[in-house]
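Everything on this sheet refers to the single structure shown next.
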Amino acid sequence: MLRRMLAAAAMAGALGLGSVSPAAADNGVVCPAIGDCSVGVTVPGKPGGTTTSDTGTGGSNGSRRCQDTLLNVEVPCYLKDLGWWSPNCYFKVMEPQPPAGDPAWQGHKPGDGAVYDAYCPDEGPPVQWRAAPPPGMDGGVDPAQLAAEAVRRLPIDGPDIGIVPEPGTTGVVGMPVWLWNRTSPRTWGPAAESVSAGGITVTATAHVSQIVWDMGDGHTVTCGAGTPYKESEGAKESPSCGYRYATTSNGDEGNVFWVTATATWDVHWGGGGQRGDLTTTRSSQVQLRVGEVQVLGQ
């Protein structure tokens with residue numbers, strides 16, 4: 001017991017417990033020496049250019065108090081170099097995680113739980129595998145929340161619409177319409193973004209899985225990237241993404257159809273010993289006028 005108390009006292013002296021003033025860590029974590037901790041991630045707004053409601057805002061995990069139950073003293077809930085307190089050790093997700101087959105996994109596979117760096121005054125093992133985050137870390141940074149922030153920051157837009165007939169011209173009922181996406185990392189992927197806080201970094205990677213075209217007349221078309229139109233194609237149909245209007249746009253608002261292309265982005269994220277998949281969408285619009293062929297009598 002005396003050895004444990006001396007070790008804990010030595011740790012307190014080395015870390016300055018009871019004498020360190022509140023400070024802000026590099027990753028947006030604010031903790032006083034003893035007492036409350038709070039975590040905030042602030043993300044700048046996403047550049048405009050597409051019809052999407054995503055904006056970048058951060059949040060906080062609130063506050064909590066942490067205690068060394070062996071010595072019955074309060075300790076910082078979070079320390080930058082050591083991680084989060086979970087009686088009676090500081091835990092920090094090892095970044096990067098060890099490769100498959102590393103003894104630290106204790107026979108488990110990467111993604112099955114996580115490996116943590118541990119600092120234990122009671123001389124616990126310095127590297128530990130856990131199936132779930134140690135108790136107390138749930139008051140810290142949630143990798144899934146960081147993933148949501150990373151998704152909001154992804155440099156992705158709605159499709160860069162290619163369409164023939166082109167906006168500003170008039171199409172004809174029954175004639176082929178070509179639809180495609182002018183692909184780039186912002187409009188097709190892959191695109192990636194990382195967000196860090198509390199010693200955890202989460203990276204989200206996204207690519208488009210499909211584009212749904214709302215043609216403005218009550219019908220939709222689902223495609224991939226589509227095929228760009230070339231003058232040499234003449235009046236041929238698109239081999240991959242096309243449409244034919246059965247009615248004119250006369251009578252619709254502005255006498256045009258609003259064509260809306262909505263891209264579904266599949267997102268895979270990983271970090272903090274966790275991983276997951278989700279989807280998000282981005283949309284773009286153009287106006288298209290469609291008329292009828294006028295036949296003049298002799």
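The values are calculated or read from the model by the stated rules, or taken from the named source; none is laboratory data. On a predicted model such as this, the values are computed, not experimentally measured, just so you know. Glycine gets a Cβ as well: all are built from the backbone with ideal geometry, and neighbour counts include every protein chain shown.
When Ser249 is tested against (1) part of a loop (DSSP other than H, G, I, E, B); (2) over 17 Å from Glu166 (Cα atoms), exactly one condition is not met: (2).
Can you find even one residue in segment 213-220 that is polar (S, T, N, Q), surrounded by fewer than 20 Cβ atoms within 10 Å (Cβ to Cβ), in contact with a strand residue (DSSP E or B) (Cβ under 9 Å, 6 or more places away or on another chain) and free of Cβ contacts under 8 Å to residues at least 24 places away in the same chain? Within segment 213-220, one or more residues are polar (S, T, N, Q), surrounded by fewer than 20 Cβ atoms within 10 Å (Cβ to Cβ), in contact with a strand residue (DSSP E or B) (Cβ under 9 Å, 6 or more places away or on another chain) and free of Cβ contacts under 8 Å to residues at least 24 places away in the same chain.
This table checks each residue for (1) under 15 Å from Thr279 (Cα atoms); (2) among the polar types (S, T, N, Q); (3) in a helix (DSSP H, G or I).
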{"site": "Pro133", "(1), (2), (3)": "no, no, no"}
{"site": "Arg152", "(1), (2), (3)": "yes, no, yes"}
{"site": "Ile156", "(1), (2), (3)": "yes, no, no"}
{"site": "Pro159", "(1), (2), (3)": "no, no, no"}
{"site": "Trp188", "(1), (2), (3)": "yes, no, no"}
{"site": "Gly218", "(1), (2), (3)": "no, no, no"}
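The condition of being buried (at least 20 other Cβ atoms within 10 Å of the Cβ), at negative phi and touching a residue at least 24 places away in the same chain (Cβ under 8 Å) does not hold for Ala246.
Each row is one residue, and each column tells you yes or no for (1) within 30 Å of Asp81 (Cα to Cα); (2) under 14 Å from the mean Cα position of the chain (by Cα); (3) not aromatic (Phe, Trp, Tyr).
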position: Pro126; (1), (2), (3): yes, no, yes
position: Pro143; (1), (2), (3): yes, yes, yes
position: Thr170; (1), (2), (3): no, no, yes
position: Leu179; (1), (2), (3): no, no, yes
position: Ala191; (1), (2), (3): no, yes, yes
position: Ser209; (1), (2), (3): no, no, yes
position: Thr220; (1), (2), (3): no, no, yes
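Among the residues of segment 266-286, those identified as surrounded by fewer than 21 Cβ atoms within 10 Å (Cβ to Cβ), of a type outside the set (A, V, I, L, M) and either within 30 Å of Trp84 (Cβ to Cβ) or modelled with pLDDT of 95 or more (or both) are Asp266, His268, Gly270, Gln274, Arg275, Gly276, Asp277, Thr280, Thr281, Ser283, Gln285. Checked against (1) touching a Gly at 6+ places or on another chain (Cβ under 7 Å); (2) within 30 Å of Lys109 (Cα to Cα); (3) not aromatic (Phe, Trp, Tyr), Gln274 meets all criteria but (1). For segment 102-112, the count of residues that are free of Cβ contacts under 8 Å to residues at least 24 places away in the same chain, surrounded by fewer than 17 Cβ atoms within 10 Å (Cβ to Cβ) and among the basic types (Lys, Arg) is at least one. Counting only residues that are in a strand (DSSP E or B) and either over 30 Å from Arg282 (Cβ atoms) or at pLDDT 95 or above (or both), segment 161-183 holds 11 of them. Among the residues of segment 139-171, what is the count of those that are crowded, with 17+ Cβ neighbours inside 10 Å and under 29 Å from Arg244 (Cα atoms)? Of the residues in segment 139-171, 10 are crowded, with 17+ Cβ neighbours inside 10 Å and under 29 Å from Arg244 (Cα atoms). Looking only at residues that are over 21 Å from Thr281 (Cβ atoms) and among the hydrophobic types (A, V, I, L, M, F, W, C) in segment 232-264, which one is modelled with the lowest pLDDT? Only one residue fits best here, namely Ala235.
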